Structures are given as structure tokens and as C-alpha cells.
Amino acid sequence: MTRLILLLLLMAAPAAADDPWQGRSAAFFGVSFLDTSTEGDLNGPRADEAARVELVERQAAEAFRARGVTLLDLAPVEEDLGRIRNPAKCNGCELRMARRLGADYAIVAEVQKVSNLILAMNLYVKEVATGAQIRGQAVDIRGNTDESWQRGMRYILERNVFR
């Protein structure tokens, strides 16, 4: 019986070693919102869009935690982060901050609103040690609703990041 258990554990070990998520840590820099629409220029920020940013941030964070990733507290880099408009496009600053935090991964995301009908959503995971992007995808979403934003994030997570 003991041999059987040992054999099963040994067979499972390579699968666990290949899991890029379990037991890893990440600096998740949230979701940046870029409104390049005419509507944004005329009317300014919208509360419903700010709420959607928080909605998809929670969705992504919960998905990474469910896969065994520890999301690190960003407080030690908060001052640096406060000077950055979009961590997804800061010439490697996300990697430098993630390295300071001791993270395995840096995760950045953004949503660009082109119009109230057309939005682009991106999420990228970079390995801090090498700077290499190991996962990530950009998708276009149609419609500016909670459902369309969540569907876009779910598609990126299920079809690319955790595939």
C-alpha cells in the first residue's frame, strides 16, 4: 500500500513541477483604462466605466488566486506606481517594481475605449527573472457593458493565460 502511494506521488510530481501558477507570486498592477473616444473628451470619466475597471480587476485577481498565485501587496512600490499612468506601457517599470517586491511574475492589463461600441482589452504576464512575456492576449470587445467586459477578460484568462 505504501509503495502504491509513493508511486502515485512520484507520478504526480512532474505535473506539479510543470504548473506555472501554483505556489508562484505576482505583482498585479491592475487594469488601466484609456478613453480615446470622442465621448470621453467631451464628457469626461464615467462612473460605470470606473466600476467596470474594478469588476474586471477583481475577476482577474480571483482567477490568479484560484490557480495558486499569491498576489503581492503593492504598498512598497506605491510611490513609484503613483507616477506611472499605465504600467502596461512604461518601458519595463512593471518588471523593476515586481523585482523589488520579489515577485515571480508581473501582470499588467488595460482597456482602451475607442467608442461606446468598440473597446480593446489586453492582459500580459511577464516572468520577472527574464523579462519574457509568458502569456498574454489582446481582444476586441463589442459593447460597453459589465457583461461584455467580463466576457472579454474571461476569454483572455481561459483561452490564453490558463490554457
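The values are calculated or read from the model by the stated rules, or taken from the named source; none is laboratory data. Please read these numbers as outputs of a predicted model, since none were measured by experiment. Note: ideal-geometry Cβ built from the backbone for every residue, glycine included; neighbour counts use all protein chains shown. To get the accessible areas, we keep the full protein, side chains included, count just its heavy atoms, and leave off ligands, DNA and RNA. Shrake-Rupley method; radii C 1.70, N 1.55, O 1.52, S 1.80 Å.
Can you say whether E127 is at pLDDT 95 or above, within 15 Å of the chain's Cα centre (by Cα), farther than 26 Å from D140 by Cβ and acidic (D, E), as far as the supplied structure shows?
Yes, satisfied.
Can you find a residue in the range 104-111 that is touching a residue at least 40 places away in the same chain (Cβ under 8 Å), in a loop (DSSP other than H, G, I, E, B) and either open to solvent by 70 Å² or more (accessible area, probe 1.4 Å) or within 21 Å of P20 (Cβ to Cβ) (or both)?
Yes, because at least one residue in the range 104-111 is touching a residue at least 40 places away in the same chain (Cβ under 8 Å), in a loop (DSSP other than H, G, I, E, B) and either open to solvent by 70 Å² or more (accessible area, probe 1.4 Å) or within 21 Å of P20 (Cβ to Cβ) (or both).
Would you mind stating whether R135 is open to solvent by 20 Å² or more (accessible area, probe 1.4 Å) and in a helix (DSSP H, G or I)?
So R135 fails the test.
Can you tell me which of (1) open to solvent by less than 10 Å² (accessible area, probe 1.4 Å); (2) under 30 Å from E39 (Cβ atoms); (3) of a type outside the set (D, E, K, R) is the one N160 doesn't meet?
Condition (1) is where N160 drops out.
Filter the range 85-103 down to the residues that are out of contact with any Pro (no Cβ under 6 Å at 6 or more places or on another chain) and among the charged types (D, E, K, R), then identify the one that is most open to solvent (accessible area, probe 1.4 Å).
The qualifying residue most open to solvent (accessible area, probe 1.4 Å) is R85.
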